[in-house]
1. What do you get for the angle between helix 316-332 and the principal long axis of the chain? Use alpha-carbon atoms, 0 to 90 degrees, nearest ten.
2. Take every Cα pair under 8 Å in the stretch 166-365 that's 6+ residues apart, average their separations, divide by the length, and report that relative contact order as a whole percent.
3. Going by how many other beta carbons lie within 10 Å of each one, how would you line up T686, T319, T661, fewest first?
4. Provide E312, E622 in ascending order of the number of other Cβ atoms located within 10 Å of each residue's Cβ, fewest first.
5. Please determine, in degrees from 0 to 90 and to the nearest 10, the orientation of helix 116-127 with respect to the longest principal axis defined by the Cα atoms of the chain, where the helix direction is its Cα long axis.
6. Treating only the Cβ atoms of Lys and Arg (+1) and Asp and Glu (-1) as charged, compute the dipole magnitude of the chain about its Cα centre; round to the nearest 20 debye.
7. Suppose R0 equals 51 Å. What FRET efficiency, 1/(1 + (r/R0)^6) with r the Cβ-Cβ distance, do R559 and A39 give to the nearest 0.05?
8. Computed FRET efficiency, Cβ-Cβ of D515 and E622, R0 56 Å: what is it to the nearest 0.05?
Amino acid sequence: MKIFGLSIRETRLPGELADLGDAARDRGDWANAARHYRAALRGDAARADLWVQLGHALKEGGDLTGAARAYQAALKRAPDIADTHLQLGHLFKISGRSDAAATAYAHAVEIDPGLRDAIEELRALLRQGARPDDSVSAEVVDRLRYAGRHRAVTAPPVSAPGKGPAAVFDVSDLIGYFHNARLPTGIQRVQIEVISALLRDPPAETQVSVCAFSQGRSVWTGLPSDLFLDAARLALAGGGRQDTDWQALLQDIDLTVDLSPALVFPQGAWLVNLGTSWWLQNYFLKVREAQRLYGIRYLPFVHDMIPIMAPEHCTRPLTEDFVSWTLGVFAHTRYFLTNSECSRRDLITVADRLGYSVSEDQVQVVRLDADFRGLGDTPPTAPAMDRYGLKPAGFVLMVSTIESRKNHLAALRAWRELITRHGSAAVPTLVCVGNLGWLNDGVFARLESDPELQRKVRILSGVSDSDLAGLYQASAFSLYPSQYEGWGLPVTESLSYGKVVLASDSASLPEAGGDFAVYFRQGDQAGLVDALDRLIFDLPYRQSLEARIVAEFRPRSWRALAEDVIARITAGPEPVTESGPPIPVAAKGRYYPLRRWSGITTGPGLVAAEIFRAGSGWAAPENWGCWTQGGDARIEIRVEADRSRPLRLFFGLRGGPQPVTSWRLETAGHHLARGRLAADDTHWVTRTISPALIRAGILRLRIVSADASGAAGNGSQSQHSVGVIGFMICDADDTVARSDFVEAMTTGSLDLLAEPAAAPERV
């Protein structure tokens, strides 16, 4: 401005300049916003809020480096502002710096444990493998807990002299179940009751703890006992999935799994799966690693072999996962728990089918003959029956998931026949309690086609334990026509409530019901109808059966069943001295793809090729193969090598997501090959392997990769590097095998070479 013809520079206060910056910001004029904030800071550099606003403006304007400096300047002046750490985390995240972003988010959570955005962002990054640096307090997990009363667990307690072995129960599948449903059924109920009994009253000579497998991090983390017991209590209490306490508890569990350090197992500990691990990718890779590091003994509880013995009742993805899991199970243990003699026979049958030797004494049976009645169970009240529109003794109860194996269709056909014989008014209602499963379209189609049948059949889902107890107690009797079971928990449950159960004589059901249940021959529809007819209309007969059940049936307490589990565990073999499981044999001339398992058939010689992986540098297998990532990525193969004859190796690689990936293949300290791959390009390495490179019959291949900048692939585990498609080895002079492989590779028919040879290759 000019005064009396003289030019005078206008001076604005920092506050005025900040206002101008805010106005430009609100218009989306990021360049002028940054200019005004810088001018304001020249007048008052101590204002952390202005540094934050400058960071926002620079970030939106595309100057990420300048934005980072501005946020860090703000933190230097006001380090305890959670939102500033949050904004810095956002910046690092969009810059691709996952570890730095995780660190910033973790600091934000340390300052404000309720900062939802920081919690969710941190959780997502941790699942991708990001790691906060050492500046993050180890107490951050505790500060995030919904009630603040749980202590973080880094490992089960180390065995004390004379204390005995450690049993670490893996509850990963139970946690997964809780994210989709609250009310436990079947396997979930068994896990809850057994583990809760052991945690509330620990056995004298065995350490008991709980862990969960983090899918994103590919590590186990410890779960505090009181956190697990809280989950068990709330699950059994009933209530909605959206209840505040339930959601808060799930958040607490997730944060524990996401943020706790990786579990350090006591040496020689038992890793016990009372549930399943079918769906967990990289699980067995980590089992092998834990076996090498800690000498753990992997112990699965095999509830049934239904996806293999009766695949017609399962979806294909489930069967694929189960077959893959089965191959992994037999490769990593020779000691099993199961729930019935039937399941033991099936397990041994499947093992033999795959070429593994498993004897009866390697499979311990723990009968699930537990008392399902909860403490305080009382006879149902009229309001409870009114809620479901039922009358005491006016219905027959069928408890099971609605799926083909449970045989609801046979029950519906029987009810139609009973209605035809006696008239609708004389026939009790069939009450089916259970969640929806798979392959159940026929059930609902049958109901929709018969309005009269609809009026006599009720389907109830989401029934609480207390309501289910009332339904059992008020029922005339129960029905369980299942075609295949590993045990048959509803059979035992019905007997626990003093109720007659009519069951098929299939598989394990006679073991579950003993001589207290009434049976019909599986597949005998007329026999089913006749048995129902007598139970419904011959009241003295049914009452005599009930009287005997009440007088003589004595289910075990869950505590007694839990003690049985511990006794079977501690009776198992001593820890092996060798480091990890045996390295599997690779048959010459056979192709081994490293992709996720996609087969549903079983037979001698089958092996999931992922078992050849070793080291921590692997992502989970995908449909094409498997990415390497930060850390040690190896393939270990046992070969039948003649010291005088070299081998030929075919090794498939795929370029990582970055524009260019450099890779190197090594063995025994020797470079076999190296090169560069563009994103998603494939390359097959073919090399002759000298007998001198095979040590003690083992060929160890190490895959090393680097991005285009030359940075080695040993940084963040979230960063995928070069991928491995698969491999084949043969004698170097076997021209037939070599020609067959090249032809199959050229024509896209490598899967034909992945079939096992006629003779099984035993591990």
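Derivation of every value follows stated rules applied to the coordinates shown; laboratory data play no part. Here the structure is a predicted model, which means the values were calculated and not measured. Cβ placement follows ideal geometry from the backbone for every residue including glycine, while neighbour counts extend to all protein chains displayed.
1. Helix 316-332 sits roughly 80 degrees off the main axis of the chain.
2. About 20 percent, as a whole number.
3. By the 10 Å Cβ count, ascending, the order reads T686, T319, T661.
4. Ordered from fewest to most neighbouring Cβ atoms within 10 Å, E312, E622 come out as E312, E622.
5. Taking the Cα atoms of the chain, the angle to 116-127 is about 80 degrees.
6. 1400
7. 0.10
8. After rounding, the FRET efficiency stands at 0.65.
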